[in-house]
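Following: one structure in structure tokens, then a few remarks.
The values are calculated or read from the model by the stated rules, or taken from the named source; none is laboratory data. From a predicted model like this one, the values you see are computed outputs, not experimental measurements. Cβ placement follows ideal geometry from the backbone for every residue including glycine, while neighbour counts extend to all protein chains displayed.
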Amino acid sequence: MEIRFIVFVGPVKESAEIEFRSGLNLVYGPSNTGKSSVLDGIDFMLGTEKPLKELPEHEGYDQVILGVEFPKSEYFTFVRSIEGGDYECFEGLHKRKPLDIDPVILRPKSETKTIKSISSFILEKVNLSNKKLKKNAQNGLVSLTLRNSLDLAVVNEANIQKESSPYISTQFTKITEHKSRLKFILTGVDDSSLLPAEVEKKALSREAKIEVLKELIEEQGRSLGDISTLENSLTELRQQDKRLSQTILEERFTLDANEENYNSLVSNRAAFRDELELKSNRINEVVEMLSRFKLLQKQYASDIARLESISETGTLLEALPYEKCPTCGRLVSEDKTHQYCDKDIKDVVAAAASEKSKIEGLNGELKFTVNNLSSELESINEQLPGIEEKISSVAKELAIVNPELVEQRTNYTEFYNLKFELDDSIKQHEQLILLTRKKEELENSAPKKESKGKEESERTLPTSALFKLSKEVRSFLQEWGLPNSNDVHFDKETGDFVINGKHRISNGKGHRAITHAAATLGLMKYTEENELPHLGFSILDSPLLAYEEPDNEADDLSDTDVNIKFFDSLADWKSKQIIVFENKKSIPNKYSSGRQVTQFTKKNSGRYGFFPTKPMN
């Protein structure tokens, strides 16, 4: 199997893609340019159930597409949502999901009778399907899968410099399985024929229990030190917890009092504001009524003046002699024609006087009402400054109280978080002490030290094959010109290589990185020369770490030509696919560009990084 390309696609963003060919492929550049995203994307597309790391660069992308080639020129494209889930598998290579081809659905892990997993699909293509590995002393078996074999082909930056074997985990529960895996790759014979061993009533031996307890203790992030030291630390932590609890109680009491004061001030301010609003509304109402009442007063004055005019005119008419009736204008002597005239002016004057009296009464009541409203308006206007002063006073108090309260809340939260961390640390110490005591009880109760199964290890790992594998690893190290690498052999007890009499993991991280690379490539070379199954590609992240971040002077290769020889050696190996991710410092000039070289510049010139920096037009 070889990887042909990986592409991130989205509806509104330009695709992020990179292609790979047979032989050496080099991707290099400074940090944070997307090299890790390419490696994480490949891992994501090869069966991991973990979601991709959430990165800002992923926004706008919704699918990841991986193109691969199998033997006999079989090409397939896997498409998966960036959120995870099942895969869609299409025949041929497609950098966009084809809409005219029906896909085959593949599961990330568990498969059903009708739906395969991507692991089964790929392993069938590379002749690694239906293989079984021994996982424990009772001959329990586990299936070889893409996920439990991928670390032999894909080595990220963290693992390449790790202080552990390139092939065998330090985790106790995985040692037997990984030794069985190495044996299978070296010989082509798996453990399908093993029959279950007779299981004792106690599933784990005393030694196994001790190893499990050691692993549990190490997972707590603590050393296996003296139990008395742990107990002293626990006592000190409990004392700190007691003092902190008292401090939190005092802070809570003070905070509650200040919260109550703050809430009271806020409530008072709200009440004063409501009162101010109520008074303001009343002012508007009174002003509106006074305006209307003034108009009514003018109307009353006009009516009174008119009625007074009528009364005065009637009185004058009544006192004057006349021949003609002032009411109808006819001669008074014409009794017949004047007899129907309403000629009693006294009645008109009396009616006008009565109406005037009534209006004057109403006007008097109106004046009384106006006076009351004017007094109320004056009173409210006098009250307003006092209310505004109260609001201002409360606001000043809040301006002082609020910052203090915020600080107290922050302090209380910090104390509470510290208490949570302290409680967690106490629980860890208690658990460590419990586990350590159990471990010591098992160690002290042992009548004699149990065998670690060296004979079993000797039988599991074939000596002749390991000798040939060691030669392949040594060949690479000598081709690369790594100092002091003329003697390389595999130590079955540690599951790792000894180079010139020194265990590989005893060197600096730069030396561990390049020797891990040699172990990974040596294994692939061994399978090729002995015609044994292998995934067919190797991916190495930062194998030349000794150029970038050496541990010490002895670990520093920056003044050597190991980097040139390293790439020369891999460039000559055309039959297998090798993908190397490196930082710029370790890249020699002759490999700084080329058909199968991709440089991420982190600059405006060239290719900035894996993800395009400009939006799609």
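Within region 364-421, work out how many residues are of a type outside the set (A, V, I, L, M, F, W, C) and without any contact (Cβ under 8 Å) to a residue 12 or more places away in the chain.
Final tally of qualifying residues: 21.
State whether one or more residues within region 446-458 are part of a helix (DSSP H, G or I) and at pLDDT 70 or above. I'd like the intermediate steps shown before the answer.
Kept after step one, since they are part of a helix (DSSP H, G or I), are these residues of region 446-458: 454-458.
Still in the running and at pLDDT 70 or above: none.
Checked region 446-458: no residue is part of a helix (DSSP H, G or I) and at pLDDT 70 or above.
With respect to ILE160, determine if the residue is farther than 26 Å from GLU528 by Cα and among the β-branched types (Val, Ile, Thr).
no
In region 104-129, which residues are polar (S, T, N, Q) and either touching a Ser or Thr at 6+ places or on another chain (Cβ under 6 Å) or assigned to a helix (DSSP H, G or I) (or both)?
Those that are polar (S, T, N, Q) and either touching a Ser or Thr at 6+ places or on another chain (Cβ under 6 Å) or assigned to a helix (DSSP H, G or I) (or both): SER119, SER120.
Is there any pair linking a residue in region 97-120 that is closer than 15 Å to PHE78 by Cβ to one that is among the hydrophobic types (A, V, I, L, M, F, W, C) and assigned to a loop (DSSP other than H, G, I, E, B), with Cβ under 6 Å and at least six apart or on different chains, and which?
Hits for this filter: ILE105/ILE115; ARG107/ILE115; SER119/LEU146.
So, in region 354-397, of the ones that are touching a helix residue (DSSP H, G or I) at 6+ places or on another chain (Cβ under 8 Å) and of a type in the set (Asp, Glu), which residue ends up nearest to ALA271 (Cα to Cα)?
GLU388
Only one of these conditions is not met by ILE65: (1) part of a helix (DSSP H, G or I); (2) touching a Lys or Arg at 6+ places or on another chain (Cβ under 7 Å); (3) more than 29 Å from LEU532 (Cβ to Cβ). Which number is it?
Against the list (1) part of a helix (DSSP H, G or I); (2) touching a Lys or Arg at 6+ places or on another chain (Cβ under 7 Å); (3) more than 29 Å from LEU532 (Cβ to Cβ), ILE65 comes up short only on (1).
Do you know which residues across region 576-610 are over 23 Å from GLU548 (Cα atoms) and either touching a Leu at 6+ places or on another chain (Cβ under 6 Å) or modelled with pLDDT of 95 or more (or both)? Break it down stepwise before answering.
Residues of region 576-610 over 23 Å from GLU548 (Cα atoms): 576-577, 595, 604-605.
Residues satisfying the conditions are LYS576, GLN577.
Looking at this structure, is LEU482 surrounded by 21 or more Cβ atoms within 10 Å (Cβ to Cβ), part of a loop (DSSP other than H, G, I, E, B) and either of a type in the set (A, V, I, L, M) or at pLDDT below 90 (or both)?
Values: surrounded by 21 or more Cβ atoms within 10 Å (Cβ to Cβ): yes; part of a loop (DSSP other than H, G, I, E, B): yes; either of a type in the set (A, V, I, L, M) or at pLDDT below 90 (or both): yes.
Here the answer is yes, as LEU482 does meet what is asked.
Residue-wise test of (1) in the same structural domain as ASN156 (by TED's automatic domain parsing); (2) within 26 Å of ASN552 (Cβ to Cβ); (3) touching a helix residue (DSSP H, G or I) at 6+ places or on another chain (Cβ under 8 Å); (4) modelled with pLDDT of 95 or more.
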position	(1), (2), (3), (4)
SER475	yes, no, yes, yes
GLU493	yes, no, yes, no
HIS516	yes, yes, yes, yes
ALA519	yes, yes, yes, yes
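Give me the pairs, please: first residue somewhere in region 264-292 and touching a residue at least 40 places away in the same chain (Cβ under 8 Å) and assigned by TED's automatic domain parsing to the domain that holds LYS390, second residue anywhere and in a helix (DSSP H, G or I) and among the charged types (D, E, K, R), beta-carbon distance under 7 Å, and either six or more positions apart or on two chains.
Within 7 Å, the pairs are LEU265/GLU397; PHE272/LYS390; LEU276/GLU388; VAL286/GLU376.
Touching a Ser or Thr at 6+ places or on another chain (Cβ under 7 Å) and of a type outside the set (Asp, Glu) - does that describe any residue in region 256-270?
Checking region 256-270: not a single residue is touching a Ser or Thr at 6+ places or on another chain (Cβ under 7 Å) and of a type outside the set (Asp, Glu).
How many residues, within region 216-254, are acidic (Asp, Glu), within 30 Å of ASN444 (Cβ to Cβ), modelled with pLDDT of 70 or more and surrounded by fewer than 13 Cβ atoms within 10 Å (Cβ to Cβ)? Step through it out loud before you land on a result.
Just the residues of region 216-254 that are acidic (Asp, Glu), to begin with: 218-219, 226, 231, 236, 241, 250-251.
If we keep only those that are within 30 Å of ASN444 (Cβ to Cβ) too, we end up with 218-219, 226, 231, 236.
Those still in the list that are modelled with pLDDT of 70 or more too: 231, 236.
Within this subset, residues satisfying the condition of being surrounded by fewer than 13 Cβ atoms within 10 Å (Cβ to Cβ) are 236.
Residues flagged as acidic (Asp, Glu), within 30 Å of ASN444 (Cβ to Cβ), modelled with pLDDT of 70 or more and surrounded by fewer than 13 Cβ atoms within 10 Å (Cβ to Cβ) within region 216-254 amount to 1.
Here's the yes/no breakdown for (1) at pLDDT 95 or above; (2) in a helix (DSSP H, G or I):
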{"residue": "SER31", "(1), (2)": "no, no"}
{"residue": "VAL38", "(1), (2)": "yes, yes"}
{"residue": "ILE42", "(1), (2)": "yes, yes"}
{"residue": "LYS50", "(1), (2)": "no, no"}
{"residue": "GLU57", "(1), (2)": "no, yes"}
{"residue": "GLY60", "(1), (2)": "no, no"}
{"residue": "GLU69", "(1), (2)": "yes, no"}
{"residue": "PHE76", "(1), (2)": "yes, no"}
{"residue": "ARG80", "(1), (2)": "yes, no"}
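Just to be sure I understand, how many residues within region 389-406 are surrounded by 13 or more Cβ atoms within 10 Å (Cβ to Cβ) and under 26 Å from GLU285 (Cα atoms)?
2
Quickly run through region 143-191 and pick out the residues that are over 19 Å from GLU493 (Cα atoms), free of Cβ contacts under 8 Å to residues at least 60 places away in the same chain and not in a loop (DSSP other than H, G, I, E, B).
Just the residues of region 143-191 that are over 19 Å from GLU493 (Cα atoms), to begin with: 143-161, 187-191.
Among the residues that remain, those that are also free of Cβ contacts under 8 Å to residues at least 60 places away in the same chain are: 143-144, 148, 151, 158, 189-191.
Selection gives SER143, ASP151, ALA158.
Any chance region 532-545 includes a residue that's over 29 Å from VAL189 (Cβ atoms), under 38 Å from the mean Cα position of the chain (by Cα), surrounded by fewer than 23 Cβ atoms within 10 Å (Cβ to Cβ) and of a type in the set (Gly, Ala, Ser)?
no
Which one of these is in contact with a Lys or Arg (Cβ under 9 Å, 6 or more places away or on another chain) and touching a residue at least 60 places away in the same chain (Cβ under 8 Å): THR601, THR520? Full working, then the answer.
On the way: THR520 fails: in contact with a Lys or Arg (Cβ under 9 Å, 6 or more places away or on another chain).
Every option except THR601 fails the conditions.
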